[in-house]
1. Mind giving me the nanometre distance, one decimal, between the label points for residue B:148 and residue B:122, set 7 Å out from Cα along Cα→Cβ?
2. What FRET efficiency do you get for residue B:2 and residue B:114 if R0 is 45 Å and r is their Cβ-Cβ distance, rounded to the nearest 0.05?
3. Find every distance from the label point of residue B:90 to the corresponding label point in the other copies (7 Å from Cα along Cα→Cβ) and write them in nm, one decimal, shortest first.
4. With springs only between Cα atoms under 10 Å, which of A:82, A:44, A:17 fluctuates most in a Gaussian network model of chain A?
5. With n ≥ 4 as the cut-off for DSSP H runs, can you work out [θ] at 222 nm for chain B, using -39500 (n - 2.57) per run divided by the number of residues, rounded to the nearest 500?
6. Between copies, how close do the residue B:19 label points come, placed 7 Å along Cα→Cβ, listed in nm from shortest?
7. Which distances in nm, rounded to one decimal and ordered from shortest, link the label point of residue B:73 to the equivalent label points in the other identical copies, with labels set 7 Å from Cα toward Cβ?
8. Which single residue of chain A puts its beta carbon nearest to the axis of rotation relating A to B, and what distance, in whole Å, does that give?
DNA sequence: CATAATTAATTAACATGGTTAACTATTTTC
DNA sequence: GAAAATAGTTAACCATGTTAATTAATTATG
């Protein structure tokens, strides 16, 4: 009934890869007592320049929950919940914006910064082994392919 | 604090891509009254040859819940729950295996087959537009990259 | 061959991550 | 100054996932 199809195969490959990474990511973050989602927030607050969101939204001021929601493509309500956990763990603090009392600026605590640094070391070692077989050109070509896909999805409304 | 790093960038790209696809996938499946997870099960039962699991596990007989769990990398209990929904929707039926009464063989109902076919049409149109800019060689190179990553993760226990 | 171990599936209780809708508080706009 | 917009929270909910315990059937073994 269903036939071989290269396009479908590309998609299943990406799904499989991201699933596997998520699983490995969970194994890493668990060692540090947080979840992958929580880690992503810490990386956003640490302004990891590799996160795609920052390419189009360079941030000067400390981030707000609204921006995290945008960057992670989830609802603000969900961010509130995730942040509550990180605040309870004393990894993140929330400060009222002086100029606009509706806004709350988020930043990492000292403990939060230290955790990110510790995890960064593990992440880089892991990545080094994972990508050992690829050249810089391989990797650039790969990300280029993805950028083109993302653009196709942005410009065109692919879902009717 | 955190620096630009091509490896990290590759990972964030894949995460972003699969997230975006998941969102678009959800938009498609919702039109047909199911979820993305449920769709995946239907495709597994329809033995979509593009699913990576079938490369290493060719199936002759109708699949069992245990195999779905393996293919999707989730617990058997979770599959039971997902299947219950599909059975309630009359898209899937469960039949006792004649040779081993512990086992239950799963197959698509006529309605299930029809749904898969209808969705297949939408999927292919969507993919055609999404990958319009790529050649066959581009796509093969891309999946090759992913296969190499997956192998690196299989052979080596990257998470200490 | 009877018992122990394994396998397949289910159930129950629970965690997490996500949603929308309604609400509060503050700032902007006109 | 009233209406609209913005930022955040809360509550109620759903989907997806887990583990642990249970049932039933099959396979292995002393």
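Values quoted throughout were computed directly from the atomic coordinates according to the rules given, and no laboratory measurement underlies them. A quick note: this is a predicted structure, and the numbers were derived from the prediction, not measured. Note that each Cβ is placed from the backbone with ideal geometry, even for glycine, and that neighbours are counted across all protein chains shown.
1. Those two pseudo-labels are separated by 3.7 nm.
2. That gives a FRET efficiency of 0.35.
3. So the label point of residue B:90 gives 6.0 nm to the other copies.
4. Result for chain A, Cα springs under 10 Å: A:17 fluctuates most.
5. -20500 deg cm²/dmol
6. 2.0
7. 1.8
8. Residue and rounded Å distance to the axis: A:18, 2.
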